[in-house]
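Visitor: Have a look at this one before I ask anything.
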Amino acid sequence: MRYARVEPLADYYGFALDPQPYLDALAGLAEDLPPGAREWAWDPAHYDFSSVRCVKDLTVGRIGLVDEGPRLVVEIDLRPNKWKHDEGLLLRYSDVRNLRVDTDEGDGTEPRLGSLQLDEALPHPAGVAHEIAFTNGSVLVVAADLTARWHQV
């Protein structure tokens with residue numbers, strides 16, 4: 001990620017997280033984001049670690065790719081952490097240009113990608129580049145725009 005900080009701790013039992021550099025940069029970037037991505041990035045609960053609508057600790061339930069003729073749509077359905085969230089989160093990307101999933105070797109105690117740590121949406125010539133950092137990997141989607149909707153699981 002370019003701005004948000006997700007760095008493993010020296011003891012390998014967690015991460016140092018700091019969304020503030022991204023939030024500081026967002027003031028100058030938001031105008032160049034498509035409407036859905038801008039709304040998502042500015043959501044006040046997004047990086048509030050005490051909020052039930054903070055992204056931290058969500059896990060991937062499924063990633064779906066739909067070919068809608070001239071456009072590809074990607075949906076990432078994120079499951080709630082039972083200790084923190086009341087709802088899951090569905091991210092839907094329109095007119096997808098790139099989808100990349102990178103994973104590390106898991107230890108078998110949690111889902112392969114692990115739990116979500118932080119994300120950032122940045123302006124891109126195609127619309128938005130949305131990177132999501134997990135404990136054991138990352139997902140990057142480049143698309144025209146994204147929508148985010150919390151939902152009951």
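The values are calculated or read from the model by the stated rules, or taken from the named source; none is laboratory data. The structure presented is a predicted model; accordingly, all values stated were derived computationally and were not measured. Heads up, the Cβs are rebuilt from the backbone with ideal geometry, glycines too, and the neighbour counts pull from every protein chain shown. In case anyone asks, the SASA skips ligands and DNA or RNA and just uses the protein heavy atoms, side chains included. Shrake-Rupley method; radii C 1.70, N 1.55, O 1.52, S 1.80 Å.
Visitor: If you find the alpha carbon centre of the stretch 113-138 and of the stretch 53-99, how far apart are they in angstrom?
Guide: Cα centres, the stretch 113-138 to the stretch 53-99: 11 Å.
Visitor: For the stretch 45-112, what's the relative contact order in percent, using C-alpha pairs closer than 8 Å and at least 6 residues apart?
Guide: Result for the stretch 45-112 is 23 percent.
Visitor: Filter the trypsin sites (Lys or Arg not before Pro) in the stretch 90-151 to those in DSSP coil with at most 13 other Cβ atoms within 10 Å of their Cβ, and list the result.
Guide: Values: sites: R92, R97, R100, R112, R149; in loops: R97, R112.
Those that pass, being in a loop and sparsely packed, number zero.
Visitor: From Cα pairs below 8 angstrom and at least 6 apart in sequence, can you work out the relative contact order of the stretch 91-153, rounded to a whole percent?
Guide: It rounds to 42 percent for the stretch 91-153.
Visitor: When the accessible area of the chain is computed with all protein chains present and a 1.4 Å probe, what percentage of it is carbon and sulfur?
Guide: Working: 4030 of 8180 Å².
Carbon and sulfur atoms account for 49 percent of the accessible area of the chain.
Visitor: Once the convex hull of the C-alpha atoms of the stretch 39-105 is built, how many Å³ does it hold per residue, rounded to a whole number?
Guide: 116 Å³
Visitor: Same structure, new question: What are the residues whose amide H is under 5 Å from the amide H of D57, where those residues sit 5 or more places off or on another chain and H is modelled from the backbone?
Guide: L116, Q117
Visitor: Note the direction-averaged projected area, equal to a quarter of the hull surface, for the Cα convex hull of the chain, in nm².
Guide: Working: hull surface 36.7 nm².
Averaged projected hull area, Cα only: 9.2 nm².
Visitor: For the chain, what is the accessible area per residue in Å², given a 1.4 Å probe and the full set of protein chains?
Guide: Numbers: 8180 Å² over 153 residues.
In whole numbers, the chain has 53 Å² accessible per residue.
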